[in-house]
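Participant: Here it is: the structure, laid out below.
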Amino acid sequence: MVVQTAAAGLIFNMLMSSPLPATAASASSPAPSAAAGTAATAPAKTSAVTIPSVDSLGLNLKSAVLIEPTTGQVLLSMNADQPLPPASMTKMMTEYLIADAVKNGKLSWDQKVTVSENAAKQIGSRIFLAQGDQHTIEELYIAMAVGSANDATVALAETLSGSEQEFVKLMNETAQKMGMKTAYFINSTGLSRDDMPKKFRPDTDKETVMSAMDAAILAQHIVLDHPDFSKYTTIQSYKFRERDSAPMINYNWMLEANKDIANFKQYAYPGLDGLKTGHTSDAGNCFTGTAVRNGMRLISVVMGANSEAHRFTETKKVLDFGFNNFEIKQVVAAKSTVAGNETVAITKGKKSDVPVVTDAGVTFIVPKGTTTPQVAAVTKINDASTLVAPIKQGTKVGSVTYTYKVNGMETQEKTVNLITSEEAPKAGWFKLLFRAIGSFFSDLFSGVKNLF
């Protein structure tokens, strides 16, 4: 088994390397200060931070991964790129596409859906829909998110795309756009091909597969593109029909709200609000979880656990590893200046240059306890022919790329724009004339001087 980690068994020396060297198209500058509107200063030294090894976690899984979604930083990786059957974690893609369709106005939560033959014939987790039943998109979505209902999932897929297999095409196209490298879907539910209704099986011998990394990428898109996801994923129980003898119970035992439920309180995890469980005989027990603490959200994926309870105890180990050892730190504030590039030269302006600042802040994942991360900055200014007055305040005139690297961690990099912090009005014709005359004589005298 291949095991990798952002910091396995290493002592993090927080005395960082020098900034990146300048290239022909760019110039390097010292690491910037996080204080807005101030030039960069030399960072303070920090103490070494020890990160435990992944081996010390004792994970008993086929694969696992842990990421921070806003940066995409991988904090733990164990066979994370191995394609495996994801079981009902497949439904995260269905959840994403249905939520996206509602967001874009293609569907509405109160829209009525008539249940088809295909949906009614689904097996496994289901709410026993009958062909011809009618329910709203939202009712079916809750049944999918809370009870992992295969029949509700197929009904939603067919509503959006006309048929489940047309919806599957959309799933695979979306996976490619998201950068999921191994994901391949044959249905909307995660059921194996043999468990699909025979009449509606695809003409292929392939099965649905997805790596832990792909599942994390999919979850990343859910939490970033649909930040209201937890409205549904945190529902602890849901009575689908009044006549039902009992409500469906959320398969996610780790919900923070379960801390007061006798059967689940030992698994309840602070800050956990999603996302999706999965189980088949081929997949074993899987879980994509996400939790937020102190303003930092993490996404974990575990695949191939040997029981329902085991997938949650393993998830706790993975999430604890992240929250105990890492934190998000802003290394550059929005509207900061970059030392050595406080201004940009312009032509035809009342002044010969204009002050510039960053248009956005920059955050990186750092080992917990890091006080002042050292960050390299490389700036790139737009072609001089485009820097002609008048120039409005807030105009992009270049970019700056910040790079953060610690031994044992993947290099983190983020590029933000350099924008003008004030307007640069055009000079009057008289001033431009005298400026041109001055430039002419300066060039002339320089030429004469060079003759001698």
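Participant: Express the C-alpha Rg of region 308-366 as a ratio against the empirical globular expectation 2.2 N^0.38 Å, rounded to two decimals.
Facilitator: 2.13
Participant: Then there's this: Please work out how much accessible surface Y184 shows to a 1.4 Å probe, ignoring ligands, DNA and RNA, in Å² rounded to 10.
Facilitator: Answer for Y184: close to 80 Å² accessible.
Participant: Step by step: find N for region 42-190, compute 2.2 N^0.38 Å, then divide the Cα radius of gyration by it. What's the final number?
Facilitator: 1.33
Participant: Once you put a point 7 Å from the Cα of R293 and another 7 Å from the Cα of T411, both along the Cβ direction, what distance in nm separates them?
Facilitator: Each label point lies 7 Å from its Cα, and together they span 3.1 nm.
Participant: Just the C-alpha atoms of region 375-429: what Rg/Rh do they give, with Rh taken as the Kirkwood radius?
Facilitator: 1.20
Participant: Calculate, in nm to one decimal, what K177 and S163 gain on full extension: separation in residues at 0.36 nm each, minus their alpha carbon distance.
Facilitator: Answer, rounded to one decimal: 2.9 nm.
Participant: Leaving out ligands, DNA and RNA, and with a 1.4 Å probe, what % of the accessible surface on region 255-376 is carbon or sulfur?
Facilitator: The nonpolar share, carbon plus sulfur, comes to 47 percent.
Participant: Would you mind pulling out the separation of the Cα centroids of region 57-89 and region 294-370, in Å?
Facilitator: With region 57-89 and region 294-370 each reduced to a Cα centre, they are spaced 20 Å.
Participant: Let me ask something else. Distance from the Cα centre of region 113-160 to that of region 169-198, in angstrom?
Facilitator: 18 Å
Participant: Here's another thing I want to ask about it. I need the shape label for region 60-108. Rule: rounded when a/c is under 1.5, else prolate if a/b > b/c, else oblate, with a, b, c from the alpha carbon gyration tensor.
Facilitator: It is oblate, given that a/c is not under 1.5 and a/b is not larger than b/c.
Participant: If you don't mind, there's one more thing I want to ask. Restricting attention to region 257-296, which trypsin sites (Lys or Arg not before Pro) occupy a DSSP loop and are surrounded by at most 12 other Cβ atoms within 10 Å?
Facilitator: Sites meeting the loop and neighbour criteria: K265.
Participant: Further, regarding this structure: Listed here are the pairs K231/K329; K103/K239; K103/K392; K91/K198; K91/K112; K103/K231; which of them are more than 23 Å apart at the Cα?
Facilitator: K231/K329; K103/K239; K103/K392
Participant: Here's something else I'd like to know. Rounded to two decimals, what ratio of Rg to Rh does region 292-428 give with C-alpha atoms and a Kirkwood Rh?
Facilitator: Here the Rg-to-Rh quotient is 1.21.
Participant: Rounded to the nearest 0.05, what FRET efficiency do W109 and R241 give with R0 = 25 Å and r taken as the Cβ-Cβ distance? Could you check?
Facilitator: The formula returns an efficiency of 0.90 here.
Participant: So, one more: For the residue pair D228 and T313, what label-to-label distance in nm results when each label sits 7 Å from Cα along the Cα-to-beta-carbon direction?
Facilitator: 3.9 nm
Participant: Using a/c under 1.5 as the rounded threshold, could you call region 173-285 rounded, prolate or oblate? The axes a ≥ b ≥ c are square roots of the C-alpha gyration tensor eigenvalues, and prolate needs a/b larger than b/c, oblate otherwise.
Facilitator: Note, shape of region 173-285 comes out oblate.
Participant: Also, quick follow-up: Taking a ≥ b ≥ c as the square roots of the Cα gyration tensor eigenvalues, with a/c under 1.5 meaning rounded and otherwise prolate when a/b beats b/c, else oblate, which class fits region 252-356?
Facilitator: Because a/c hits 1.5 or more and a/b exceeds b/c, region 252-356 counts as prolate.
Participant: Given the pairs K62/K106; K335/K368; K348/K414; K106/K317; K206/K276, which are separated by over 29 angstrom at their Cα positions?
Facilitator: K62/K106; K348/K414; K106/K317
The values are calculated or read from the model by the stated rules, or taken from the named source; none is laboratory data. Values in this document were obtained by computation on a predicted structure and should not be read as measured data. Heads up, the Cβs are rebuilt from the backbone with ideal geometry, glycines too, and the neighbour counts pull from every protein chain shown. What goes into the accessible areas is simple: the full protein's heavy atoms, side chains included, and nothing from ligands, DNA or RNA. Shrake-Rupley method; radii C 1.70, N 1.55, O 1.52, S 1.80 Å.
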